[in-house]
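Undergrad: Please find one structure pasted underneath; my questions will follow.
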Amino acid sequence: MCGIVGAIAQRNVTNILITGLKRLEYRGYDSAGVALLDDNGITRVRRQGKVAGLEDAAHEQSVTGFTGIAHTRWATHGKPSEANAHPHMSGGDLALVHNGIIENFQALKDELEAAGYHFQSQTDTEVIVHLVHQALDQGLALFDAVSAVAKKLEGAYALGVIHASEPHKLIAVRSGSPLVIGLGIDENYIASDQLALLPVTNRFIFLEEGDQAEITVDGIRIVDASGVAAERSIHEFDGTHEDAEKGEYRHYMQKEIFEQPAAIQKTLEERIDSPETLINAFGEKAPAIFDQVKTVQIVACGTSYHAGMVARYWLEDIAGIPCQVEVASEFRYRNHVVPEGTLFVTISQSGETADTLAALRDTASPNYVGRLAICNVDSSSLVRESELVFLTKAGPEIGVASTKAFTTQLTGLLILVLALGRRKGLADSEIEKVLAELRQLPNLIEQASALDKPIESLSEAFVEKHHTLFLGRGVQYPVALEGALKLKEISYIHAEAYPAGELKHGPLALVDSEMPVVAVAPNDELLEKLKSNLQEVRARGGELFVFADKNAHVKESEGVRVLNMPAVPETIAPIVYTVPLQLLSYHVAVLRGTDVDQPRNLAKSVTVE
Ligand code: G6P
């Protein structure tokens with residue numbers, strides 16, 4: 001939620017900031033702003049709407065500066081507007097950007113108002129900039145003023161601060177929201193995500209929780225949460241910045257759907273050589289921890305939660321290990337009984353989702369034998385705070401609607417099921433059977449992606465509709481949930497998913513010719529039952545769109561359209577059947593003319609509650 005960029009150089013940094021913001025738009029895109037500092041002081045430009053609008057305004061006004069901070073916003077306190085856009089200022093010579101939420105902002109605001117400060121916005125952030133101003137007035141230098149203010153803040157924040165009287169310094173703080181420092185040659189930067197800075201550097205320092213940094217053109221000084229000088233190591237990014245660009249594709253989401261065979265291949269590489277080596281993918285501590293596992297608790301949000309739901313079917317069915325799955329925002333706020341020998345598993349593309357992180361931080365019970373993160377970002381908080389890690393190798397995912405992150409998470413989860421299952425006595429012959437299926441996976445995903453054209457033609461039937469129903473049974477039920485989530489996220493068509501057996505307990509009342517019903521129908525042991533459910537839909541005039549392979553023997557007829565899928569082994573079917581559902585949502589959204597990569601009101605990285 002919200003993206004920050006900052007830069008300090010001996011040249012104009014406007015373009016570095018604007019380019020960085022564009023690459024962070026996945027974090028929020030309702031308003032944006034920049035504050036630039038040169039020998040004449042600070043100039044600020046803000047605009048409601050996307051970064052492109054800010055870019056035009058900044059160029060029209062020819063704003064320049066050698067030090068600057070910038071922000072793209074996802075509104076929490078106060079509606080999207082120019083007045084609420086960051087940077088916020090106090091006294092005309094102090095500017096600040098913030099990502100996160102200040103929980104005690106009202107009490108701080110009351111104190112500041114009593115002290116004579118006038119607020120220009122409805123944001124929680126504005127209290128921070130006035131508090132820093134107040135501390136400067138009391139004689140503190142900028143670095144010390146920010147430290148003093150940080151002690152008063154409750155909640156989550158990453159901050160970038162500049163002040164006209166110390167023009168060659170950029171102050172950054174990280175507490176609960178991500179922040180990275182980028183190292184250039186005679187210039188340095190900050191950003192919420194290293195992706196923002198890849199056009200200018202591939203060398204990064206990841207700040208730890210509570211760290212505060214003073215950044216100049218030729219130096220970085222960091223102190224930790226207790227105010228003691230700290231050394232943080234430098235990491236080199238090993239991809240190219242084209243990895244995060246659209247290339248020949250019309251949308252990031254489209255590119256990311258078609259990258260799935262390669263992303264899955266990368267996620268599998270060196271991990272599925274043999275049953276004995278599967279465990280290596282989870283880190284050195286895995287053998288000792290896995291031996292103690294009696295049950296698994298999975299916690300995640302959004303699409304990652306759906307991956308967890310699929311894993312539950314696999315864990316219980318293949319490995320015989322009991323498993324619970326819960327959305328993080330519920331899990332973290334209820335008392336739960338932790339069975340002895342529980343492995344706590346988080347799933348997250350970003351590794352920064354606030355609720356998932358909070359759930360992880362609340363796993364003190366001795367009944368947890370270990371914490372495993374299945375994550376796409378190795379520098380993320382989730383990875384750093386978990387003793388076991390499985391890195392999905394999806395590469396940067398920019399589209400807000402998650403695609404390749406989901407299918408690589410499923411791939412990782414299936415490896416987990418086999419690795420854990422082996423410790424519990426699952427026969428190597430059984431494991432080899434699933435490994436052979438996994439080896440076919442990139443190719444089967446390729447075949448499913450090749451159905452793009454027929455899916456595009458199916459999508460026309462959805463464009464004018466207001467509601468849709470997705471049905472699946474067993475392990476395909478979470479796949480149906482994911483299909484419905486994709487459609488609602490990017491096309492704004494109301495979509496619900498049901499386990500097909502529940503149809504007659506309510507949703508059948510909604511079915512008529514205006515309600516397309518999508519059925520995920522691989523040739524598995526529940527197929528015949530699903531077919532009966534589909535008859536119930538057809539008998540009520542519902543139009544059916546069935547995704548099935550030839551062996552399922554579902555025939556096209558009036559009101560029944562069939563997408564012919566490749567024949568897929570049962571275990572990996574949920575991964576393969578996800579792809580046509582992604583493509584369906586993509587094409588419906590394109591036909592409806594919505595903003596596919598940045599759907600309204602959403603953001604990719606939800607770093608606030
Ligand atoms: C947001 C994104 C989803 C994502 C969810 C969880 O809602 O739009 O695509 O599934 O957050 O994010 P995570 O990074 O934890 O997987």
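Undergrad: May I ask you to list the residues in region 571-609 that are crowded, with 23+ Cβ neighbours inside 10 Å, among the β-branched types (Val, Ile, Thr) and within 12 Å of the ligand (Cβ to nearest atom)?
TA: Result: Thr607, single match.
Undergrad: If you don't mind, another one. Can we say Gln440 is touching a residue at least 24 places away in the same chain (Cβ under 8 Å), open to solvent by 10 Å² or more (accessible area, probe 1.4 Å), in contact with a Pro (Cβ under 6 Å, 6 or more places away or on another chain) and away from the ligand (no atom under 14 Å from the Cβ)?
TA: So Gln440 fails the test.
Undergrad: Go through (1) within 13 Å of the ligand (Cβ to nearest atom); (2) within 20 Å of Ser605 (Cβ to Cβ) one by one and return the number of the condition Met309 breaks.
TA: (2)
Undergrad: Residues Ala164, Ala156: which one is open to solvent by 10 Å² or more (accessible area, probe 1.4 Å) and touching an Asp or Glu at 6+ places or on another chain (Cβ under 6 Å)?
TA: So the residue among Ala164, Ala156 that is open to solvent by 10 Å² or more (accessible area, probe 1.4 Å) and touching an Asp or Glu at 6+ places or on another chain (Cβ under 6 Å) is Ala164.
Undergrad: For region 382-398, what are the residues that are over 23 Å from Glu570 (Cβ atoms) and either within 11 Å of the ligand (Cβ to nearest atom) or of a type in the set (A, V, I, L, M) (or both)?
TA: Selection gives Leu382, Val383, Leu388, Val389, Leu391, Ala394, Glu397, Ile398.
Undergrad: Restricting the first residue to region 386-406 and requiring it to be in contact (Cβ under 8 Å) with a residue 40 or more places away in the chain, which pairs with a second residue that is assigned to a strand (DSSP E or B) and open to solvent by less than 20 Å² (accessible area, probe 1.4 Å) meet a Cβ separation below 6 Å and a spacing of at least six or different chains?
TA: Partner pairs satisfying both residue conditions: Ser386/Ala373; Glu387/Gly370; Leu388/Gly370; Leu388/Leu372; Val389/Ala373; Phe390/Ile374.
Undergrad: Would you mind stating whether His118 is assigned to a loop (DSSP other than H, G, I, E, B) and either out of contact with any Ser or Thr (no Cβ under 7 Å at 6 or more places or on another chain) or farther than 17 Å from Gly28 by Cβ (or both)?
TA: Working: assigned to a loop (DSSP other than H, G, I, E, B): yes; either out of contact with any Ser or Thr (no Cβ under 7 Å at 6 or more places or on another chain) or farther than 17 Å from Gly28 by Cβ (or both): yes.
Yes, satisfied.
Undergrad: State yes or no: is Glu609 within 30 Å of Asn99 (Cβ to Cβ) and under 34 Å from the mean Cα position of the chain (by Cα)?
TA: Considered against the rule, which asks whether it is within 30 Å of Asn99 (Cβ to Cβ) and under 34 Å from the mean Cα position of the chain (by Cα), Glu609 comes out as yes.
Undergrad: Can you find, within region 1-44, the residue that is surrounded by the fewest Cβ atoms within 10 Å (Cβ to Cβ) among those that are in a helix (DSSP H, G or I) and charged (D, E, K, R)?
TA: Initial filter on region 1-44 (in a helix (DSSP H, G or I)): 14-23, 25-27.
In the following step, the residues that additionally are charged (D, E, K, R) were identified as 22-23, 25, 27.
On the way: Lys22: 19, Arg23: 26, Glu25: 22, Arg27: 29.
Result: Lys22.
Undergrad: Could you list, in sequence order, all residues of region 399-433 that are open to solvent by 10 Å² or more (accessible area, probe 1.4 Å) and away from the ligand (no atom under 16 Å from the Cβ)?
TA: Across region 399-433, the qualifying residues are Arg422, Arg423, Lys424, Gly425, Leu426, Ala427, Asp428, Ser429, Glu430, Glu432, Lys433.
Residue-by-condition table, conditions (1) within 25 Å of Phe406 (Cα to Cα); (2) touching a Ser or Thr at 6+ places or on another chain (Cβ under 9 Å); (3) open to solvent by 30 Å² or more (accessible area, probe 1.4 Å):
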{"residue": "Pro454", "(1), (2), (3)": "yes, no, yes"}
{"residue": "His466", "(1), (2), (3)": "no, no, yes"}
{"residue": "Leu471", "(1), (2), (3)": "yes, no, no"}
{"residue": "Gln476", "(1), (2), (3)": "yes, no, no"}
{"residue": "Ala480", "(1), (2), (3)": "yes, no, no"}
{"residue": "Ala497", "(1), (2), (3)": "yes, no, no"}
{"residue": "Gly506", "(1), (2), (3)": "no, no, yes"}
{"residue": "Ala519", "(1), (2), (3)": "yes, no, no"}
{"residue": "Leu530", "(1), (2), (3)": "yes, no, no"}
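Undergrad: In contact (Cβ under 8 Å) with a residue 40 or more places away in the chain, within 15 Å of the ligand (Cβ to nearest atom) and under 30 Å from Lys486 (Cβ atoms) - does that describe any residue in region 274-296?
TA: For region 274-296, residues in contact (Cβ under 8 Å) with a residue 40 or more places away in the chain, within 15 Å of the ligand (Cβ to nearest atom) and under 30 Å from Lys486 (Cβ atoms): absent.
Undergrad: Here is a list of conditions, (1) in a helix (DSSP H, G or I); (2) within 26 Å of the chain's Cα centre (by Cα); (3) touching a residue at least 60 places away in the same chain (Cβ under 8 Å), and Tyr305 meets all of them except one; can you say which number that is?
TA: Of (1) in a helix (DSSP H, G or I); (2) within 26 Å of the chain's Cα centre (by Cα); (3) touching a residue at least 60 places away in the same chain (Cβ under 8 Å), only one is false for Tyr305: (3).
Undergrad: If I filter region 327-336 for residues that are closer than 21 Å to Leu438 by Cβ and either within 13 Å of the ligand (Cβ to nearest atom) or touching a residue at least 40 places away in the same chain (Cβ under 8 Å) (or both), do I get at least one hit? Before the answer, list the steps.
TA: We begin by selecting, within region 327-336, every residue closer than 21 Å to Leu438 by Cβ; these are none.
No - not one qualifying residue is present in region 327-336.
Undergrad: Could you check region 318-423 for helices (runs of 4 or more DSSP H) lying wholly inside it with 1 or more residues that are over 30 Å from Ile101 (Cα atoms)?
TA: 404-423
Undergrad: Next question, about the same structure. Report the residue count in region 342-379 for those that are more than 14 Å from the ligand (Cβ to nearest atom) and either open to solvent by 20 Å² or more (accessible area, probe 1.4 Å) or more than 23 Å from Gly155 (Cα to Cα) (or both).
TA: Result for region 342-379: 14.
Undergrad: Looking for whichever is within 34 Å of the chain's Cα centre (by Cα), more than 30 Å from Glu397 (Cα to Cα), in contact (Cβ under 8 Å) with a residue 12 or more places away in the chain and not in a helix (DSSP H, G or I) here; the options are Arg561, Arg600. Which one fits?
TA: On the way: Arg600 fails: more than 30 Å from Glu397 (Cα to Cα).
Among Arg561, Arg600, only Arg561 is within 34 Å of the chain's Cα centre (by Cα), more than 30 Å from Glu397 (Cα to Cα), in contact (Cβ under 8 Å) with a residue 12 or more places away in the chain and not in a helix (DSSP H, G or I).
Undergrad: Under 7 Å between Cβ atoms, at least 6 apart or on separate chains: pull out the pairs that start in region 343-364 with a residue that is of a type in the set (Asp, Glu) and end on any residue that is within 7 Å of the ligand (Cβ to nearest atom).
TA: Between residues of region 343-364 that are of a type in the set (Asp, Glu) and residues that are within 7 Å of the ligand (Cβ to nearest atom), the close pairs are Glu352/Ser605; Asp355/Cys301.
The values are calculated or read from the model by the stated rules, or taken from the named source; none is laboratory data. Since we're looking at a predicted model, the values are computed, not measured. Don't worry about glycine lacking a Cβ; one is built from the backbone with ideal geometry, like all the others, and counts go over all protein chains shown. The area values use the complete protein model at the heavy-atom level, side chains included, leaving out ligands, DNA and RNA. Shrake-Rupley method; radii C 1.70, N 1.55, O 1.52, S 1.80 Å.
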